[in-house]
Amino acid sequence: MVESLRERLGDVLDFTVPAGGMAVWCRTDPGIDVDRWAAEARTKGVIFQPGSDFAFEVRPIPALRAGFARLPESELREAVRRLAAAVPASRIATMGSARTASTSIGRKPRMRAEARRVESVKGLARQH
């Protein structure tokens, strides 16, 4: 999966290959609305967790969690292909237009029992 991510999404994702585990945490290009990308990817049959799912604040976070534990490599390659196809719909408009992050409007903050994961995402966001 890591090779596919680098090949197809290297221009919008940055990540460190984990030594182990079941997911890859990725930082995203600031020109990507990660929540919008997640919604578009879902229409293509792929689900990932945007960074905002792990935050207490109601704000976009330029990060995502991509799980890979239960899928064979061939399905992971197809998932990455579909993720790449969903990128254009997630780009944030520039040149004088206001950001329309639909997911931050009217969304209520969520409390998570696993505060450790929230701190992990906050650390990723601070690196940007």
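Note on the range 40-74: among residues that are in a helix (DSSP H, G or I) and either aromatic (F, W, Y) or touching a residue at least 24 places away in the same chain (Cβ under 8 Å) (or both), the one that is farthest from A89 (Cα to Cα) is E73.
The set of residues from the range 49-84 being over 17 Å from M22 (Cβ atoms), of a type in the set (D, E) and either surrounded by 22 or more Cβ atoms within 10 Å (Cβ to Cβ) or at pLDDT below 95 (or both) comprises just one member, E57.
Candidates are the residues of the range 7-20 that are loosely packed, with under 15 Cβ neighbours inside 10 Å and either without any contact (Cβ under 8 Å) to a residue 12 or more places away in the chain or among the acidic types (D, E) (or both); the one that is nearest to P72 (Cα to Cα) is G20.
The values are calculated or read from the model by the stated rules, or taken from the named source; none is laboratory data. All values derive from a computational prediction rather than experimental measurement. Quick reminder, even Gly has a Cβ in these numbers, built from the backbone with ideal geometry, and neighbours come from all protein chains shown.
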